[in-house]
Amino acid sequence: MSTHIEASEGDIADAVLLPGDPLRAQHIAERFLENARCYNRVRGMLGFTGTYRGVPVSVQGTGMGQPSLSIYATELFRFYGVQKAVRVGTCGALRADGKLREVVIASGACSDSALLSQRFGRLHFAPVADFALLNAARLAAEREGVPCRVGLVASSDLFYDDNENWRLWAKYGVLGVEMESAELYTLAARFGRQALAILTVSDNVATGEGIGAQERENGFDAAARLALEAATALPAQSAGNDNPGSKPAECGV
């Protein structure tokens, strides 16, 4: 048990999907996992463990923004020995040709967050995805016929950016903006784990297009499926802690 996750040893699988919205975590568990059991309700940040194609998988809500994601990813890596973490979320396309509901597989994540400067000072760190996970997701997208792009995203601390800093990122080829992936990639590097972000375009910052809140919550099954396929396609490649195993908790979905 950690400060923000009430799971016992063995409750959480090697591979964990990380949506920001806890209700999306519940949707993924109910829609894709077999024999899903809830292991966390602290602060309403739901977490579940079940199996996907016979492989144990967990799904844990993280909240919005890098500080919130940082809490849950750190505890999952440090206290529960999670080896593979795949963020499943949304992003705003930064280019006019970015299509709503298109999937972006984030090869790396730029950021304006003070979290990076607190760690590295005047140094610069490039948070990047695990290549094996990324390639597995890309191959799954080809098999499933899911339209996707692979490229950079930006993790911003600002949801409402009055200064329109996104325009500079767009100029340098960044595909989308969101709020969590850079911290996930940085923590995975710190703990020697594998991480990936698979994002569905929910709006286009350049054109002003967007979709409704209900579809944001549970309308992105294609990305969740790619995340599950990637997370279960290959064994963990960890330089970190030993795997504590996976054992379902008692409370049901």
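General remarks:
- Dipole magnitude of the chain about its Cα centre (Cβ charges: Lys, Arg +1; Asp, Glu -1), debye to nearest 20: 440
- Spatial separation of Cα centroids for the range 14-48 and the range 166-199, in angstrom: 22
- Counting DSSP beta bridges with both ends in the range 15-236, the antiparallel % (nearest 5): 40
- Rounded to the nearest 0.05, the FRET efficiency derived from the C-beta distance between residue 95 and residue 162 at R0 = 30 Å is 0.90.
- Fully extending the segment from residue 6 to residue 78 would add 24.5 nm, taking 0.36 nm per residue of separation and subtracting the current Cα-Cα distance.
- Taking a ≥ b ≥ c as the square roots of the eigenvalues of the Cα gyration tensor, the chain is classed as prolate, since a/c reaches at least 1.5 and a/b is larger than b/c.
- One decimal place: the segment residue 171-residue 150 gains 5.9 nm when fully extended, by the rule 0.36 nm per residue minus the C-alpha distance.
- Sorting 73-83, 10-20, 89-99 by average packing, meaning the other beta carbons within 10 Å per residue, from highest down gives 10-20, 73-83, 89-99.
A short reminder: the numbers here are calculations on the coordinates, not readings from a lab. Values in this document were obtained by computation on a predicted structure and should not be read as measured data. Don't worry about glycine lacking a Cβ; one is built from the backbone with ideal geometry, like all the others, and counts go over all protein chains shown.
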